[in-house]
Each structure stands twice: as C-alpha cells, then as structure tokens.
1. State all residues of segment 98-117 that are in contact (Cβ under 8 Å) with a residue 24 or more places away in the chain, within 20 Å of the chain's Cα centre (by Cα) and outside any loop (DSSP other than H, G, I, E, B); if no residue qualifies, say none.
2. Which numbered condition trips up Pro198, out of (1) farther than 19 Å from Tyr30 by Cα; (2) within 11 Å of ligand 1 (Cβ to nearest atom); (3) of a type outside the set (A, V, I, L, M)?
3. Any idea which of Gly310, Gly315, Gly341, Gly348 is touching a Cys at 6+ places or on another chain (Cβ under 6 Å), within 16 Å of ligand 1 (Cβ to nearest atom) and over 17 Å from Lys267 (Cβ atoms)?
4. Can you work out which of the residues in segment 179-199 that are more than 16 Å from ligand 3 (Cβ to nearest atom) and not in a loop (DSSP other than H, G, I, E, B) is surrounded by the most Cβ atoms within 10 Å (Cβ to Cβ)?
5. Could you say which residue among Ala220, Ala272 is outside any loop (DSSP other than H, G, I, E, B), more than 16 Å from ligand 2 (Cβ to nearest atom) and in contact with a strand residue (DSSP E or B) (Cβ under 8 Å, 6 or more places away or on another chain)?
6. What are the residues in segment 313-348 that are within 16 Å of ligand 3 (Cβ to nearest atom) and small (Gly, Ala, Ser), if any?
7. Looking only at segment 129-148, filter to residues that are within 16 Å of ligand 4 (Cβ to nearest atom) and either crowded, with 23+ Cβ neighbours inside 10 Å or under 10 Å from Gln204 (Cα atoms) (or both); which one of those is farthest from the chain's Cα centre (by Cα)?
8. What single numbered condition from (1) without any contact (Cβ under 8 Å) to a residue 60 or more places away in the chain; (2) of a type in the set (A, V, I, L, M); (3) within 16 Å of ligand 4 (Cβ to nearest atom) fails to hold for Met350?
Amino acid sequence: MAESSTVISNTNALNKFTSLDQKGCIMAEYIWIDALSNIRGKTKTLFKEPSGPEDLPEWNFDGSSTGQAPGDNSDVYLRPVAIFPDPIRKSPNIIVVCETWNPDGTPNKYNYRHECNRIMEANKDQKPWFGLEQEYTLFDTNGWPYGWPKGGFPGPQGPYYCAVGTGNVYCRDIVEAHYKACLYAGIKISGINAEVLPSQWEFQVGPCEGIEMGDHLWAARYLLHRVAEEFGVKISFHPKPIPGDWNGSGLHTNVSTQLMREEGGMKHIEAALEKLSKRHKEHIAVYGSDNELRLTGKHETGSIDSFTYGVANRGASIRIPRECAHKGYGYFEDRRPSSNGDPYQITGIMIETICGGAPSE
Ligand code: ADP
Ligand code: MN
Ligand code: MN
Ligand code: MN
C-alpha cells in the first residue's frame, strides 16, 4: 500500500522464518495500556500452553519509560487477565491482555480495568451487555489521511460512508486484514463499515458481557495498530483528526441489562436515562480527551454541554434505536464517548451510574 520507502521491514524475508519449528515453546505477547492510553507490548517465551490467564506468570516492565512510574522505583507488574490466539504469529502463540500493578500491591494509576472489574462483579446479576463502535482514521506516514492528495483535500463528504468503488473507498485491504485477524483471535467483532470521512472506518465489538468488553476492545485496537504497521500506515484514534467540515471519530457505546432486554424493558431504559442525565459531567470527564472538538452539536453529535436523548436521533447524547422504541425493550446507544476513550472507564462509569458502584475495597 505505502510507498516502498516508508516500509522499512521486509515481509518476504520474514516469511522464511515464521514457519520454523518452535520446539514446543509459545510466544506470549503481554500487552498493557500506558499513561497516555497507548498500547505497549513485549514477548515472553513459555514452555507449556496455559489453560487460562491464572496459569500465566506475572511479569514486569520499566514504568519510567511509559509514564507509569518514577525512575527511582520503576518496576510495574503485569498481571495476565485475558488470552487471545495471536493472528500475527499464529497459534499456539498468544496475546495476553494484562493489568498493571505497583510494587506495593496497589493498582497502577492507569489500571482502569481493576475498578471496572469490581463494578462489573458487583452487578453481575444484571448481566450488563455492551457493543462498542470503534471509529478511527488511517494516516499516511506523511501525517495526512491515507490516500488524500498531499497537502490537499478530497471531495466533500457524501460518497464515502459504506462506499464501494475506486475513489470512494480507501484502505480496504488493511480493514479486511484486521477483520480476519480479530476473528482468528476470537475477538467478538460484529462488523465493519467505511465511515463518512474518507479514510475513516469503524469496527464494532459486541455484544460482550461485563469486563469482557474492555478486554476485547483493547485486543482489537492492538491488532489494528499491529496490522497497519505491516502496511506502513498509522492508526489515529483522535476524535477530530481533521478540523472543519469533516466528521470526527466516536466510540458509540451500546448498553443493556437483562431487564432492558426483556418485555417491558423500556421503563428500565428510561430509569437509566434519568440517572445518566444527572451525571453528564462525570461521564464526559472519562469519555476521552479532546472530545470537546468533536461534540459540537454538528456532524451527527450532541453538544458537550447538555444531556439529550431521543428515538433515532443522531444529534442527541443518547439514541434509542427505532426498533427498540417500537418493541418496547432492547438497548440504548450513548453517542458521547470519543474514539480515544478507555472502554474500561466508559463501561465502568456506565454500570456504576445505572446499576450502582462497587463496595469499597
Ligand atoms: P449504529 O446503527 O449506531 O451504527 P452498529 O450496528 O454499528 O450501530 O453497532 C451496534 C452495536 O450494538 C453492535 O456492536 C451490537 O453488537 C451492539 N448491540 C446489539 N444489541 C445489543 C444489546 N442488547 N446490548 C448492548 N449492545 C448491543
Ligand atoms: Mn455504527
Ligand atoms: Mn459510525
Ligand atoms: Mn452508532
């Protein structure tokens, strides 16, 4: 895809080695989230296949190099919490999602999974389901969206959303590769579509129950970066990658509890919306950075300053799908979270608000 000068690796040469016998060993890619919501990873050789994350050794890394610890006390520990088959190195190699912990036994400041998991555990009986719609933009290494004329602009928005055909659609090869990679990994990816801005796409993950949502979304984000790396293309999760009359990127968060999914569920959805209306600011605070650039009330968003909801309304904070209103039960869509938001923080505060928080530790 990219000009050959921007791709510094040689995949043909690598292919000679990927099929070599590993002598029963397993390459485990431990991945974690750093201080700036970037993903980091390093590999450990294992000598037998783990039956679950509890079977995997703890590991550590230099937190002073990731903004997660001071230089004079730099060890941060990695605790394995979820395992996915690795589509890049292929089975039996694995990707291991980890939580970050301090040496004194407290969760690291950027370990948002720990609190999220406590909230999910406390509300397990409600069976909370989520579906996240991850929007993102593909960038050339020259800092401009992939396929856009250098320093210039493509034609105005209109033909690109769910597009087919040369000139309308950008980077489909990377998107297809990522989709397959997610399916191989067992990530609950539920679909993809080209978005409104040229070179902007979306993938959906879900429905996932409880803490699984964050684990699957972070694994899918990791694979997106990793796949795009093979093509010499960069992934941007910025909520407003190009200022002006161009759509931003969100992380629409679809939510339901068991009661909402059953006959008469609408009154439980309404009760949730009532609770959400009282905590708009608290939610916005953990719904991603630079979100004020995106939530302007234009480009299919609601304004960042007010909480609104409506049936089939894409200009509101929360949309109740038409089908759900029609049937009287189902789920709702929180359209506020930005593309760079942390799914653990977003799903955590959501359940805390509508179901209740976790008991103190
Ligand atoms: P949109 O119409 O907003 O573009 P999408 O089809 O992109 O919606 O995404 C909808 C998401 O909602 C999917 O990830 C899907 O798995 C999820 N979803 C469907 N039903 C439920 C439910 N009952 N609870 C939570 N999420 C759900
Ligand atoms: Mn969507
Ligand atoms: Mn979308
Ligand atoms: Mn949506």
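Quick note: the coordinates plus some simple rules give every number you see, no bench work behind them. None of these values were measured; they are calculated from a predicted model. So basically every Cβ, Gly included, is an ideal-geometry build from the backbone, and we count neighbours across all protein chains shown.
1. Within segment 98-117, Cys98, Glu99, Thr100, Tyr112, Arg113, Glu115, Cys116, Asn117 qualify.
2. (2)
3. That would be Gly348, the only listed residue that is touching a Cys at 6+ places or on another chain (Cβ under 6 Å), within 16 Å of ligand 1 (Cβ to nearest atom) and over 17 Å from Lys267 (Cβ atoms).
4. In this case the residue turns out to be Cys182.
5. Of the residues listed, the single one that is outside any loop (DSSP other than H, G, I, E, B), more than 16 Å from ligand 2 (Cβ to nearest atom) and in contact with a strand residue (DSSP E or B) (Cβ under 8 Å, 6 or more places away or on another chain) is Ala272.
6. Once the filter is applied, which keeps residues that are within 16 Å of ligand 3 (Cβ to nearest atom) and small (Gly, Ala, Ser), segment 313-348 yields Gly315, Ala316, Ser317, Ser338, Ser339, Gly341.
7. Among them, the one singled out is Phe130.
8. Single failed check for Met350: (1).
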